[in-house]
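Quick notes on the structure that follows.
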Amino acid sequence: MFNYECVINGKSINSKNKIQITSPVDLKVCGEVPELGVKEISMAFKSARDSQKNWEDLTLFDRIKYMNKWKELIIKNREHIANIMIKEIAKPLKDSLTEVDRTIEYIDYTIEEAKRMYPEIYTGDGMNVKNKYGIFDRIAKGVILAISPFNYPINLSMAKIAPSLIAGNTVVFKPATSGSIVGTFMSQLSLEAGLPAGVFNCVTGRGSVIGDELIKNPEINLISFTGSVPVGNRIKELAKGKDLILELGGKDPAIIIDGDLEKISSEIIGGAFSYSGQRCTGIKRVLVLEKDYDKIIKLLKDKVNKLSVGSPVDGSVIIPVIDIKTAEYLDELVSDAKAKGATIETGKARKGNLFYPTLISNVSLDMKIAWEEPFGPILPIIKCKSVEEMIEITNKSNFGLQASLFSNNISQAIKVAKQLNVGTVNLNGKPQRGPDNFPFLGVKDSGLGVQGIGETLKSVTRLKGIVINY
Ligand code: NAP
Ligand code: G3H
């Protein structure tokens, strides 16, 4: 049983009421976290506000020293964090360790990038003006509320926390409930690292219960949220006047124009089924021309049938999805497709929250699976008459995170990529957030603002100008 406390104003905070965390691996309780309420939330924001100025007034190098101490403790506890992740979110050991290592690298890279954030200098020499220099520096925004999702509990949390702190902001962090054991453990490490009181605070509680209270707090300058579209929309509604960064869902297509179908199918399998499809950048639909339709189904079907299905403990690729509710939603999407004439190429009846990898062909545009985000191991294949139709179907989606485009004709690929209304197009590769220094963004329902190490540093700061008249 894992059991860690929250952190507010440099102290461990517990509560009488607890939230029990159910492991997706065996649906048994694997730990508990405090269930905090209004009083603790307001203490967290007050301490973040009260400590912000002093924190910002430290030199960058002093803030980096604290961040490095925290990072060293993450390194020391690398295996332990990965072991929590196996239990808490059913992420296989190898992927959990990769996530911790990626986070350590993220902190290092952020530190290096922050050292090179120089002010922008302008000369006033034109437009009826002469003899001016404008120096535009980047300063902290203030207090940042960071809300993270369950699927990358350390990486997507630190991707908000590290840039915010290094740039001189203070943070109130609310981890996803599935993921809050990792969140609270990581927060305990911040105490051990000796971060000044109030600079970093962690509060746990169910988003549906404490979410509004968090979002509405008047001390917040910026909310950085990663999660689903409905919660993102709720935040937009309530956040009035606060800056927002939203990383939301996706329905990334794999668009096959031409190429080696064997290689393409391997790339699609990795993109669609790793961590059982619980990635925002997962491939969530395949768009293929009539000429390649039968062949790609056969290749994908052969590969899906070879995917290991089981538990993160034995390193299977297909592991139980986060909870029963998600598995029931996946069932609903498959039943809707079946009822409307789709062919289920692979996939067995689910066992609880273990959902077998499911490939669906004969998918038509009236089916929910053509448009909705499953967040599970389901891959629909849509036959298209032309490249123009592929572009049209891609752009008709409410989502616009990433797309994969497969073609050996680079000039055609670039022309098509330019017409896709998404954040990023991956030519001849699966969609991916990383490397984490690349800008990462979604359009339409997929997000607001830009992430990625350099871009996040810009988002958590604002320009402050000083003009010298000489
Ligand atoms: P979620 O249910 O939206 O939860 C995300 C976070 O929001 C959790 O911390 C959750 O807390 C909290 N929350 C829930 N209701 C809230 C409310 N009313 N106010 C404030 N916060 C609230 O998403 P998830 O299931 O963790 O993650 C899956 C979704 O995230 C998918 O749609 C996926 O595509 C998206 N995602 C996007 C990206 C990206 O970079 N674009 C990355 C990862 C995931 P509780 O856990 O306590 O409910
Ligand atoms: O779930 C969303 C993550 O940002 C995806 O990251 O593309 O590295 O798996 P990834």
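The values are calculated or read from the model by the stated rules, or taken from the named source; none is laboratory data. Predicted model, so just to flag it, every value in this text is computed and none were measured. Cβ atoms come from the backbone with ideal geometry, glycine included; neighbour counts cover every protein chain shown.
The table below lists the values:
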| item | result |
| --- | --- |
| Meets criteria (modelled with pLDDT of 95 or more, more than 16 Å from ligand 2 (Cβ to nearest atom) and touching a Pro at 6+ places or on another chain (Cβ under 8 Å)) for I360 | yes |
| Which listed residue, of S12, S47, S42, is outside any helix (DSSP H, G or I) and of a type outside the set (A, V, I, L, M, F, W, C) | S12 |
| Residue match in region 266-282 (condition: more than 13 Å from ligand 2 (Cβ to nearest atom) and polar (S, T, N, Q)) | yes |
| Checking V363 against (1) over 20 Å from the mean Cα position of the chain (by Cα); (2) crowded, with 21+ Cβ neighbours inside 10 Å; (3) outside any loop (DSSP other than H, G, I, E, B), the condition it does not meet | (3) |
| All positions within region 449-462 that are assigned to a strand (DSSP E or B) and in contact with a helix residue (DSSP H, G or I) (Cβ under 8 Å, 6 or more places away or on another chain) | V450, Q451 |
| Matching entry among E328, E290 (being charged (D, E, K, R) and either in contact with a Ser or Thr (Cβ under 9 Å, 6 or more places away or on another chain) or within 12 Å of F355 (Cβ to Cβ) (or both)) | E328 |
| Residue list for region 252-295, filter: part of a helix (DSSP H, G or I), under 18 Å from the mean Cα position of the chain (by Cα) and under 13 Å from I381 (Cβ atoms) | A272 |
| Criterion (touching a residue at least 60 places away in the same chain (Cβ under 8 Å) and crowded, with 21+ Cβ neighbours inside 10 Å) met by exactly one of I19, I84, I64 | I84 |
| Residue selected from region 305-350 under the condition part of a strand (DSSP E or B) and under 25 Å from the mean Cα position of the chain (by Cα), by the criterion farthest from ligand 2 (Cβ to nearest atom) | V309 |
| Every residue from region 432-455 that is within 13 Å of ligand 2 (Cβ to nearest atom), crowded, with 16+ Cβ neighbours inside 10 Å and over 13 Å from the mean Cα position of the chain (by Cα) | N437 |
| For F150: the one exception among (1) at positive phi; (2) out of contact with any strand residue (DSSP E or B) (no Cβ under 7 Å at 6 or more places or on another chain) | (1) |
| Per-region count, region 22-72, residues over 20 Å from N3 (Cα atoms) and either at pLDDT below 95 or among the acidic types (D, E) (or both) | 5 |
| Within region 421-452, considering residues that are more than 14 Å from ligand 1 (Cβ to nearest atom) and touching a residue at least 60 places away in the same chain (Cβ under 8 Å), the one farthest from S148 (Cα to Cα) | N428 |
| Elements of type helices (runs of 4 or more DSSP H) in region 124-224, at least 3 residues being free of Cβ contacts under 8 Å to residues at least 12 places away in the same chain | none |
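Table: residues versus (1) within 16 Å of ligand 2 (Cβ to nearest atom); (2) more than 21 Å from N169 (Cβ to Cβ).
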position: E192; (1), (2): no, yes
position: V203; (1), (2): no, no
position: G207; (1), (2): no, yes
position: I215; (1), (2): no, no
position: P218; (1), (2): no, no
position: N221; (1), (2): no, no
position: T226; (1), (2): yes, no
position: P230; (1), (2): no, yes
